[in-house]
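What follows is a short report on a single structure.
The values are calculated or read from the model by the stated rules, or taken from the named source; none is laboratory data. Note that the coordinates shown come from a computational prediction; the quantities given were computed from them, not determined experimentally. Positions of Cβ are generated from backbone atoms using ideal geometry, with glycine treated the same way; all protein chains shown enter the neighbour counts. The protein model used for the area step is the full one, side chains on, heavy atoms only, and it has no ligands, DNA or RNA in it. Shrake-Rupley method; radii C 1.70, N 1.55, O 1.52, S 1.80 Å.
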Amino acid sequence: MTLDTAPSPLRVGILAAGSHPIQTIYLPALHALPKLYTITAVYFAAQLQEPAGPVPANGTATASTTQNPDALLADPTLNLILNFMPNEYHELYTIAALQAGKHVMVETPVSLSIPSARRIIEAEKDAPNGARVFVASARRYAPCFEDVFKKEVRSLERIHYARCRMIAGPHVAHTATSLRVGAGSHEGESQGPPSIKEVEKDRIRRLRGLLEEVFGRDEQPNQERIALSRFLASLGCHDLGLMRDTLGYPDAISNISVNEPFYSALFHYNGAVVDGSHPHPFTLMYEAGTDCVPRCDAQLAVYGHTKTVTIHYDLPYARGQPIRVVVETADERGGLMQTETVSTWEEAYQGELKALYAYLVDKKAAKTTARDSLEDIKLFQTIFEQYDRQCGTIRTPLG
């Protein structure tokens, strides 16, 4: 049976490094759409350290669990693989699933380097059964983002300024999206049984290979660039993807600051964003970082002359907090007037999964494809290159 003739619901296999985003976010979202998805098999890499509990499929049934990801990829009954393995394994398991004729939803970013992303795109072209790649980025599927925020931004006569901020404290959702293996790690330093040490050695080797593609084989990246790359590939990609979806790709980047664990940059736009208007250049300030204060201050704000439009959101995979769009204008007497539109986290993730099904089964267009995610990786590369140029001409504590 080919994917094109596969019955509804799609049969899902899950590959994940840990259980948090799957158990707390995607299992409830998938279970809420029983006509679209059935969870069939699950692999948690954390099983090497601690056993995972039973994973419900539909009703009282439970999905099978395996300690061998290759067995899951080879399962002929599966239509769709959710690839939530660490970033350095995105290419490996996405291409393996495509070659097995299975669709893939891979966590953003699609990979860490431009050549790696392009290898995935090439594999998708030749995949049996028309298998396709979809990149998970649930914020961009929240109803209030597409139906309210983007429409309000497009209605602005002119954009004067924009700001994208993500400053967050400790949260289990944050550790789940962070790379935990540094490029400077040494083989054999991992603790635990031999199986764990071998896994860590393989992760380090793969990460080093991807970083060589990013920074060059003959250049050893310094700690600042490694820290920046790790941040962009964990939290930053979610912010920048939302920014691109709203305002497009920036025309230039300047004033990059790397003061680990805080980062900032200025993104410059020529102004061709608002429909039907004459181009007016504007600047977006991107500021992000992590600390030990337990809160999340995250938003994308766009300032016009008579209106400010802001979307507030939480950390990726943090359940419970809604996504809010706030529109601020002046009332008839010159006072502040605010309107607020809210989407729950359930609506965002279910919206993403509905878009995924429409993309795979109904052949509708999707905005979070592998090619779209490649634009995030190109933006990462542009940031690295500008940071190098800046440190060569501007003396800073890091330069």
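Once fully extended, how much extra length lies between Ser8 and Glu332, figured as 0.36 nm per residue of separation less the alpha-carbon to alpha-carbon distance? Walk me through the numbers on the way to the answer.
Values: separation 324, 0.36 × 324 = 116.64 nm, distance 5.29 nm.
Net length gain for the segment: 111.3 nm.
May I ask you to list the lysines whose Cα is less than 24 Å away from that of Lys102, ignoring any residue fewer than eight positions away on the same chain?
Partners within reach: Lys35, Lys125, Lys354, Lys363, Lys364, Lys367.
Classify the stretch 202-325 as rounded, prolate or oblate from the Cα gyration tensor: take a ≥ b ≥ c as the square roots of its eigenvalues, call it rounded if a/c is under 1.5, otherwise prolate when a/b beats b/c and oblate if not. Walk me through the numbers on the way to the answer.
Numbers: a/c = 2.26, a/b = 1.44, b/c = 1.57.
Oblate, since a/c reaches 1.5 and b/c is not below a/b.
Met285 label point, 7 Å along Cα→Cβ, cut-off 15 Å on backbone N: hits in the stretch 240-266?
In the stretch 240-266, the label zone of Met285 (backbone N under 15 Å from the point 7 Å along Cα→Cβ) covers 254-257, 263-266.
Taking a quarter of the surface of the convex hull around the Cα atoms of the stretch 269-338, what do you get in nm²?
Numbers: hull surface 28.7 nm².
If you wrap the Cα atoms of the stretch 269-338 in a convex hull and average its projections, you get 7.2 nm².
Check each of the GluC sites (Glu not before Pro) in the stretch 311-350 and keep only those in coil by DSSP with at most 16 other C-beta atoms within 10 angstrom; list them in order. Let's see the in-between values first.
On the way: sites: Glu328, Glu332, Glu340, Glu346, Glu347; in loops: Glu332.
Hits after loop and neighbour filter: Glu332.
How big is the stretch 109-148 along each principal axis, measuring the range of its Cα positions in Å and listing the largest first?
Result, largest extent first: 37, 27, 11 Å.
Taking 0.36 nm per residue of sequence separation and subtracting the Cα-Cα distance, how much length would be gained by fully extending the chain between Asp297 and Ser264, in nm to one decimal? Kindly include the intermediate steps, with their values, before the conclusion.
Numbers: separation 33, 0.36 × 33 = 11.88 nm, distance 1.47 nm.
Result: 10.4 nm gained on full extension.
Can you list, largest first and rounded to whole Å, the semi-axes you get for the stretch 351-391 by taking the square root of 5 times each eigenvalue of its Cα gyration tensor? Could the numbers behind the result be given before it?
Details: eigenvalues 231, 13, 4 Å².
Ellipsoid semi-axes (Å, largest first): 34, 8, 5.
Say R0 is 45 Å: what FRET efficiency, to the nearest 0.05, do Arg205 and Lys307 get from their beta-carbon distance?
On the way: r = 51 Å, r/R0 = 1.14.
For Arg205 and Lys307, the calculated efficiency is 0.30.
Using the Karplus curve 6.51 cos²θ - 1.76 cosθ + 1.60 with θ = phi - 60°, work out ³J(HN,Hα) for each residue of the stretch 103-112 in order, rounded to whole Hz, and write x for Gly and Pro.
Once rounded to whole Hz, the list reads 5, 9, 10, 10, 4, 6, x, 4, 6, 9.
Could you provide, to the nearest whole Å², the per residue accessible area of the stretch 208-313 with probe 1.4 Å?
42
Could you give each residue of the stretch 81-91 its phi-based ³J(HN,Hα) in whole Hz, using Karplus coefficients 6.51, -1.76, 1.60 with θ = phi - 60°, and x for Gly or Pro?
Each residue's phi maps through the Karplus curve to give 10, 9, 9, 10, 6, x, 3, 5, 9, 4, 5 Hz.
Does the stretch 287-399 come out rounded, prolate or oblate by the C-alpha gyration tensor, with a ≥ b ≥ c the root eigenvalues, rounded set by a/c under 1.5 and, if not, prolate when a/b is larger than b/c and oblate if not? Kindly include the intermediate steps, with their values, before the conclusion.
Details: a/c = 1.80, a/b = 1.11, b/c = 1.62.
It is oblate, given that a/c is not under 1.5 and a/b is not larger than b/c.
If the chain between Glu212 and Arg154 were fully stretched, how many nm would it gain, using 0.36 nm times the residue separation less the Cα-Cα distance?
Working: separation 58, 0.36 × 58 = 20.88 nm, distance 3.99 nm.
Result for the pair: 16.9 nm of gain on full extension.
Answer rounded, prolate or oblate for the stretch 300-361, using the Cα gyration tensor with square roots of eigenvalues a ≥ b ≥ c: rounded when a/c is under 1.5, else prolate when a/b is larger than b/c, else oblate.
Details: a/c = 3.13, a/b = 2.34, b/c = 1.33.
Note, shape of the stretch 300-361 comes out prolate.
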